[in-house]
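Read-outs throughout are calculated quantities, based only on the coordinates presented, and are distinct from any laboratory measurement. Just so it is clear, the model here is predicted, and its values are computed rather than measured. When we count neighbours, we look across all protein chains shown, and the Cβ atoms used for this are built from the backbone with ideal geometry, even at glycine.
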Amino acid sequence: MSTPAESSCEFESLVGDLSLRAREAQRSLALVSSGERAAALRLAATALRRQSAQILEANQQDVSAGRARGLSEALLDRLALDGARLTAIADAVDAVAGLPDPVGETIDQTERPNGLHLARVRIPIGVIGIIYESRPNVTADAAALCVRSGNAAILRGGSEAVHSNRAIHAAFVEGLATGGVSPDVVQLIPTQDRAAVGAMLGASGQIDMIVPRGGKSLVSRVQDEARVPVLAHLDGICHTYIDAQASPDMAVALATNAKMRRTGICGAMETLLIDAGFGAARQVLGALLDAGCEVRGDGRATALDPRITPASGEDWDTEYLAPVLSVAIVDGIEPALDHIARHSSGHTDAIVTEAQDVADAFLAQVDSAIVMHNASSQFADGGEFGLGAEIGIATGRLHARGPVALEGLTTYKWIVRGTGQARP
């Protein structure tokens, strides 16, 4: 039996080998034209459609195992594929293939008084490690975004989706190979041992950036242990504030959609703030309750409907990912802004109002990656933003924020052209 140290070395060696192959494949990808990369992605999308029966059969294995393990309905919803969802996955790969290629784009340029010409030009980041749970669509989305932006990807999916991920990955790289792109540009960690995650997090100099997508425990571990730069968000505690001057019909529609369309996604509303001067609060809350949402409220909210239960202090900082909602009644935009500043995770926060000045104040003062006016927070998605897909949503203040797609997977280098200048 191997010792823990021997086991750690084993996984470090595995990740080191995958990283070396990824680095070599990523360098070879630089010799593949933008059009050829796009064509290879379209072939990958075709392969996903062609192998749909095998992928759905593999997914059914995962869903059955998940039910047997007692996974929550929210996790099962993230995990499950059907014909429509698989078609959407392949369509997203096609969409990424059709997006403008950021690699080689000149960000800005200038000429110095001494005649030196300087330009900042977008280049790939290099080798991207993606650690994710539950959602097999991430396998294709992340792979497509990395290939289109000239990066290599090392994927480590969760054990609950192991068969789905393997089937999607096999189809995807088959399509890439048909298009003349090395399969090593997208690699899937072949083990579900958690020690492999630790090896990825410690792979400084081998992996250039880590993107975690999953629950709070996973993201917390990645942020705490990584020796590699991390692009992530921890929680999706998203707020919607209904202003006194909101349209009642719009408020009902947006609040219900923001919470109940899909409760298990990070853009789902978790806290609803209602201005005390809004006249249709009972109507909004009644619609949510009638739709099957459990509502927990402050003292003024519980007085509006006997079905509302008192909220605890923890509720305002909880990402439910379930049909559960916290509600507070506030006296205007300033208390709403204060509440969001204290409790928002910086993901997505929205206002519903017909007053443009109030909307402008909200949009200017809420410091979240995504801020919305008269729209459902469920639009917090790379596909809905016209990005084709997303590798994740970032809530930090450096490099990239919000849905991260092609541009967020690039950095830049300075290109300096001279005519023989020597520095005095």
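For the stretch 1-90, the relative contact order works out to 30 percent when only alpha carbon pairs closer than 8 Å and six or more residues apart are counted.
Counting only DSSP H runs of at least 4 residues, each contributing -39500 (n - 2.57), and dividing by the residue count of the chain, the helix-based mean residue ellipticity at 222 nm comes to -13000 deg cm²/dmol. The C-alpha atoms of the stretch 326-412 occupy a region whose extents along the principal axes are 45, 26, 23 Å, arranged from largest to smallest.
Centre-to-centre, using Cα atoms only, the stretch 69-117 and the stretch 263-295 are separated by 32 Å. Each of (i) 190; (ii) 141; (iii) 181 is a candidate for volume of the Cα convex hull per residue in Å³; the one calculated from this structure is (iii).
Just to confirm the number: angle between the C-alpha axis of helix 34-50 and the first principal axis of the chain, 0 to 90 degrees, nearest 10? For 34-50 against the chain, the angle is about 60 degrees. Neighbour counts of other Cβ atoms within 10 Å put W414, W316 in the fewest-to-most order W414, W316. Taking every DSSP beta bridge that has both ends in the chain, the antiparallel portion is near 30%. Of all the options A364, A400, A203, the one that moves most in a Gaussian network model of the chain with Cα springs shorter than 10 angstrom is A364. Ranked by how many other Cβ atoms sit within 10 Å of their own Cβ, fewest first, the residues D82, D208, D101 fall in the order D82, D101, D208. Once the Cα atoms are used to define both axes, helix 162-178 deviates from the longest principal axis of the chain by about 50 degrees.
Note on the chain: GNM, Cα springs under 10 Å; of H239, H339, H117, the largest mean-square fluctuation is that of H117.
By the count of other C-beta atoms within 10 Å, a proxy for reagent exposure, F278, F362, F379 are ordered fewest to most as F379, F278, F362.
If you take all other residues with their beta carbon under 15 Å from the beta carbon of L20, and give Lys and Arg +1 and Asp and Glu -1, the sum is -2.
Gap in Å between the Cα centre of the stretch 380-410 and the Cα centre of the stretch 204-221? Centre-to-centre distance over Cα atoms comes out at 16 Å.
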